[in-house]
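Quick notes on the structure that follows.
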Amino acid sequence: MSQSRPQVKDKVLQVAGFQKEREMKGEPSKEELIHIYRVMLLTRLFDTKSLNMQRQGRIGFYVPCTGQEASQVGSAFALRRDDWTFPTYRDVGVALIRGASLRSLVAHLMGNSNDPMKGRQMPSHWGFRTINFASVASPIASHLPVAVGVAMAMKFKNEDKVVLAYHGDGATSSGDFHSAYNFAGVYKAPIVFICENNGWAISLPVQRQTASPTLSQKATAYGFEGVRVDGNDVLAVYRATAKAVDKARRGEGPTMIECLTYRLGPHSTSDDPTRYRSREEVEEWKRRDCIEIFRSFLKKEALLSDEEDSRIRKELEEELNSAIAEEEQAPRPAIESIFEDVYSSEPWNIREQFEEAKEDFSKRM
Amino acid sequence: MPTINLVQAVNQALREEMRRDERIVILGEDVGKDGGVFRATEGLYEEFGENRVIDTPLSESGIIGTAIGMAIYGLNPVPEIQFLDFIYPAFDQIVTNLAKLRYRSGGQYSCHLVVRAPYGGGIKGGHYHSQSSEAYFCHTAGLKVVIPATPYDTKGLLLSSIRDKDPVIFLEPKKIYRSVKEEVPEGEFTVPIGKAKLAREGSDVSIIAYGAMLHVALEAAETARKNGVDVEVLDLRTLIPLDIDAVLATVKKTGRVIIVHEAPKTGGFGAEIAALISEKAIEYLKGPIIRVAGYDTPFPYTLEEFYMPSVPRIMKAIDKLMQY
Ligand SMILES: Cc1ncc(C[n+]2csc(CCOP(=O)(O)OP(=O)(O)O)c2C)c(N)n1
Ligand SMILES: [Mg+2]
């Protein structure tokens, strides 16, 4: 079974020209379009590099996002700085467009002493408080009720902030998905759910994940709007999200946006997708690569020249390489980091265990 | 006799028993076409088809809840939870229905099934691919908890678990899925639930361990031998029902006890063993019961080798006890 081709009204990039006549507020300026492109490209370069580093044993694990950059970057671009995101392990593009530094991402993958997670979490389990990018846990969909809670608190405090909560197609089967959607609907929480329907939940195709013809229709059951967009069309994703975010900000409640996209790479560095899906399917989606689509649009509109394109790529590669080189120098976290942050202050048992451990560690270092 | 590893032992037990008993169904995430993320169910989908090897939607409560229903209606389900760390969405089903059905219905209903889940650290899995949460299940009346440490016991105990009349939580030490190999007979044999195994005889100190920690304990025992200390190692194999006779026998023999598990120390199963020993055999003890366990913190990533009980940590405990 293959992921069905998107059936959406909201095509932007495949039709000629940038549809300025749409009633969207805040269309990206030329500079912003180039910025979006840069971040998408950076996400791709980061992804490729990280996969390679894992293969070379320089990092332990990685969850690639190649193919999904448009869904990630296009949606998060619609936010204000003070809004929040609840990402998944795969959302590198969200982190980058929100302004996460390359070094902090690399440090996390290496689990070194500069890692904001202090080397405690497996790679791809990000969390950056400075950019309101909530901390990731592996159990699928466990973040969704929490995201709704943050949105409810924003409403409680009479703020006009919005939460963007990301999840996959597989996540829609979990109990937490349903709890989250129901609470969001009941309390009209200022939240927008971005469902990155990439066709697969490890080896299970979306058609066997649910008997519903679409995922977006699940929102209807909870009393709010669900829309489908071409998730490989960064501007379509942006527009749908901007509209939903505005709606949430106005106090008109949640929206679910189902981005139809595709995971071009393996589920994670531990996965071998040739066991469960065909090469043809992957090739078909490669031809609809979201970065290629956006690049040809920018070129057609004379917003990006070939020279500028290669200059951008070179710049980004240099930035990335130097971030990696710097982070590879950093030592691993100090031993005491195992014992910190369990509680706000240290109980006797942890103190005692730390004292014992210190002795053992000094012998083993 | 072919030499196989632990994950192959799981696969062999499932395959052979599925051929013998057509009521057995496997259900879980990625268990079908993919053969399971650890390949424990490899080839079963091809042999038994999608009605008996069921790739489920991503919902652990759905997996365990429906497996309970199937069991009530006479099937013999062996659901897989991809990592023990992901069992919590099904915790309600396990504690509320699975563990209590026989008791709450006055024995009218029962639901026998085996929940298989890889558990434990040592694979660089961070917080959510490393936990050893066996104590939660041991604390719930009505569940049996089985943790094999060798390929032979894995096959024999899995077959016993599938044939048992009670729900079994069957935890597979994924750190040693591939690294521990031994000769295992093809065909039918069982290892009884509720029986520990003396993995090594000794007279000075007893180490009580299970799962991946058995092998660390054996290594420590070998190191201790070089220092002239004779260490006995008891592999529990089943936590519930605990082989109390075997525990008391080794305690009475050596009078010095170390319990090793990678789960956090506080409230871990070691505490239960220590309490039982002090209730039933305190007069035989020459020194304190020492637990070498995971720390009372979530499971770390970069520094996991320092978190897991290690040979040096066990050696320290042995040295301490030998002063008594
Ligand atoms: C509760 C839970 N069960 C199982 C897993 C193992 N697992 C990790 S990712 C995944 C599939 C997720 O699919 P989807 O929601 O579509 O997200 P994607 O990985 O495609 O981005 C599974 C089953 C998990 N992390 N959490
Ligand atoms: Mg998916």
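Of the residues B:GLU17, B:GLU42, B:GLU80, only one is within 13 Å of ligand 1 (Cβ to nearest atom) and at pLDDT 95 or above; which?
B:GLU80
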Q) Name the helices (runs of 4 or more DSSP H) wholly within the range A:174-264 that hold at least 3 residues that are under 30 Å from B:ASP55 (Cβ atoms) and within 11 Å of ligand 1 (Cβ to nearest atom)? A) A:175-186
Q.
Can you pull out every residue in the range B:248-288 that is closer than 22 Å to A:PRO347 by Cα and among the hydrophobic types (A, V, I, L, M, F, W, C)?
A. B:ALA263, B:PHE269, B:ALA271
Q.
Just to check your reading of the model, which residue among B:SER59, B:SER105 is out of contact with any Leu (no Cβ under 7 Å at 6 or more places or on another chain) and within 16 Å of ligand 2 (Cβ to nearest atom)?
A. B:SER59
Q. Just to be sure, is B:GLY120 of a type outside the set (Asp, Glu), more than 14 Å from the chain's Cα centre (by Cα) and in the same structural domain as B:GLU29 (by TED's automatic domain parsing)?
A. no
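Which one of these is over 19 Å from the mean Cα position of the chain (by Cα), more than 15 Å from ligand 2 (Cβ to nearest atom) and surrounded by 24 or more Cβ atoms within 10 Å (Cβ to Cβ): A:ALA180, A:ALA189?
On inspection, the qualifying residue turns out to be A:ALA189.
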**Q.** Every pair of residues 6+ apart whose Cβ atoms lie under 7 Å, when the first sits in the range B:25-43 and is within 10 Å of chain A (Cβ to nearest Cβ) and in contact (Cβ under 8 Å) with a residue 60 or more places away in the chain while the second is part of a strand (DSSP E or B) and surrounded by 21 or more Cβ atoms within 10 Å (Cβ to Cβ)
**A.** B:PHE38/B:PRO118
(Q) Being in a loop (DSSP other than H, G, I, E, B) and either β-branched (Val, Ile, Thr) or closer than 16 Å to B:LEU6 by Cβ (or both) is the filter here; which residues of the range B:190-214 pass it? (A) B:THR190, B:VAL191, B:ILE193, B:TYR210, B:GLY211, B:ALA212
Q | Residues satisfying the stated conditions in the range A:276-291, i.e. within 14 Å of another protein chain (Cβ to nearest Cβ) and either exposed (fewer than 14 other Cβ atoms within 10 Å of the Cβ) or closer than 11 Å to A:ASN232 by Cβ (or both) | A | A:SER278
(Q) Can you tell me how many residues within the range A:153-170 are in contact (Cβ under 8 Å) with a residue 40 or more places away in the chain and within 16 Å of ligand 2 (Cβ to nearest atom)? (A) 5
Q) Can you list the strands (runs of 3 or more DSSP E) found entirely within the range B:1-85 that contain at least 3 residues being buried (at least 18 other Cβ atoms within 10 Å of the Cβ) and under 19 Å from the mean Cα position of the chain (by Cα)? A) B:76-80
Q. List the pairs whose first member sits in the range B:74-89 and is farther than 20 Å from A:HIS178 by Cβ, whose second member is within 16 Å of ligand 2 (Cβ to nearest atom), and whose Cβ atoms are under 8 Å apart, counting only residues at least 6 apart or on separate chains?
A. B:GLU80/B:GLU29; B:GLN82/B:GLU29; B:GLN82/B:ASP30; B:GLN82/B:VAL37; B:ASP85/A:SER138; B:ASP85/A:PRO139
Q. Can you tell me which residues in the range A:207-233 are more than 14 Å from every other protein chain (Cβ to nearest Cβ) and out of contact with any Leu (no Cβ under 8 Å at 6 or more places or on another chain)?
A. A:PRO213, A:THR214, A:SER216, A:GLN217, A:ALA219, A:THR220, A:ALA221, A:TYR222, A:GLY223, A:PHE224, A:GLU225, A:VAL227
Q) Is it true that some residue in the range A:68-87 is within 14 Å of chain B (Cβ to nearest Cβ), part of a loop (DSSP other than H, G, I, E, B) and charged (D, E, K, R)? A) no
Q) Of the residues A:VAL92, A:VAL73, A:VAL146, which is within 15 Å of ligand 1 (Cβ to nearest atom), under 13 Å from the mean Cα position of the chain (by Cα) and among the aliphatic types (A, V, I, L, M)? A) A:VAL92
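The values are calculated or read from the model by the stated rules, or taken from the named source; none is laboratory data. Source: prediction; values computed, not measured. Cβ sites come from the backbone with ideal geometry, for glycine too, and all protein chains shown count toward neighbours.
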